[in-house]
Amino acid sequence: MARTPLDLDELVEHWTLLKDEQALVAGKRGATRLGFAVLLKFYTQYGRFPRNRAELLGEAVEFVARQVQVPASELESSDWTGRTVEYHRAQIRGHLGFRECSVADAEKLTDYLAKHVAHKQRQPEQVRVELLARCRTESIDECE
């Protein structure tokens, strides 16, 4: 299925770095700067981190790259695994007031889904939508 390209209004609304976000990005350089900024804006829009580079829209990456003054092609050399990206994710969660999902959180979410969602909804994708909404309400990073 073909994806509709983002228009300028969508780019500005969802992919513009705000002042406090610019301050977070300011201490980073090159590919790290761009990778962090893209992770931050993706998280603010979708409430989770991208699973892989394929989830990142080219026009959104270009838009963010112009803001941080790093060529979009630098994203290819950005490391998406390891301690640095985990540190960046922790910084983003902390900035946005979220926490990683604990075992206790997962149990609480499972109980919530069983009591309030599963008896009404059987489609896995819709249950996932409900789960993500509850995670946002509880300021919990997506439990997978």
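The values are calculated or read from the model by the stated rules, or taken from the named source; none is laboratory data. None of these values were measured; they are calculated from a predicted model. Quick reminder, even Gly has a Cβ in these numbers, built from the backbone with ideal geometry, and neighbours come from all protein chains shown. In case anyone asks, the SASA skips ligands and DNA or RNA and just uses the protein heavy atoms, side chains included. Shrake-Rupley method; radii C 1.70, N 1.55, O 1.52, S 1.80 Å.
For every residue, the table says whether it meets (1) part of a helix (DSSP H, G or I); (2) touching a helix residue (DSSP H, G or I) at 6+ places or on another chain (Cβ under 8 Å); (3) among the small types (Gly, Ala, Ser).
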position: Phe63; (1), (2), (3): yes, yes, no
position: Val70; (1), (2), (3): no, yes, no
position: Leu75; (1), (2), (3): yes, yes, no
position: Asp105; (1), (2), (3): yes, no, no
position: Gln126; (1), (2), (3): yes, no, no
**OP:** Give the number of residues within region 1-50 that are among the aromatic types (Phe, Trp, Tyr), assigned to a helix (DSSP H, G or I) and open to solvent by less than 60 Å² (accessible area, probe 1.4 Å).
**Re:** 4
Subject >> Contacts under 9 angstrom Cβ, first residue in region 74-96 being on the phi < 0 side of the Ramachandran plot, partner among the acidic types (Asp, Glu) and outside any helix (DSSP H, G or I), 6 or more apart >> reply: Val85/Asp79; Arg89/Glu100; Arg89/Asp141; Ala90/Glu100; Arg93/Glu100; Arg93/Asp141
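Test Ala104 against the stated conditions and say whether it is over 30 Å from Ala37 (Cα atoms) and open to solvent by less than 50 Å² (accessible area, probe 1.4 Å).
In short, no.
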Subject >> Test: Val68 is hydrophobic (A, V, I, L, M, F, W, C) and within 29 Å of Leu18 (Cβ to Cβ) >> reply: yes
**OP:** Select from region 128-144 the residues that are charged (D, E, K, R) and part of a loop (DSSP other than H, G, I, E, B) and write down the one among them that is modelled with the highest pLDDT.
**Re:** Glu138
Original post:
Looking at region 107-124, which of its residues are in a helix (DSSP H, G or I) and either among the small types (Gly, Ala, Ser) or open to solvent by less than 40 Å² (accessible area, probe 1.4 Å) (or both)?
Top reply: Leu109, Leu113, Ala114
Original post:
Within region 93-101, is even one residue under 15 Å from Gln45 (Cα atoms) and part of a loop (DSSP other than H, G, I, E, B)?
Top reply: yes
**OP:** Being more than 30 Å from Thr137 (Cα to Cα) and crowded, with 17+ Cβ neighbours inside 10 Å is the filter here, so list the residues in region 75-99 that pass it.
**Re:** Leu75, Ser78
Subject >> Counted residues, region 51-61 - those being outside any helix (DSSP H, G or I) and among the aliphatic types (A, V, I, L, M) >> reply: 2
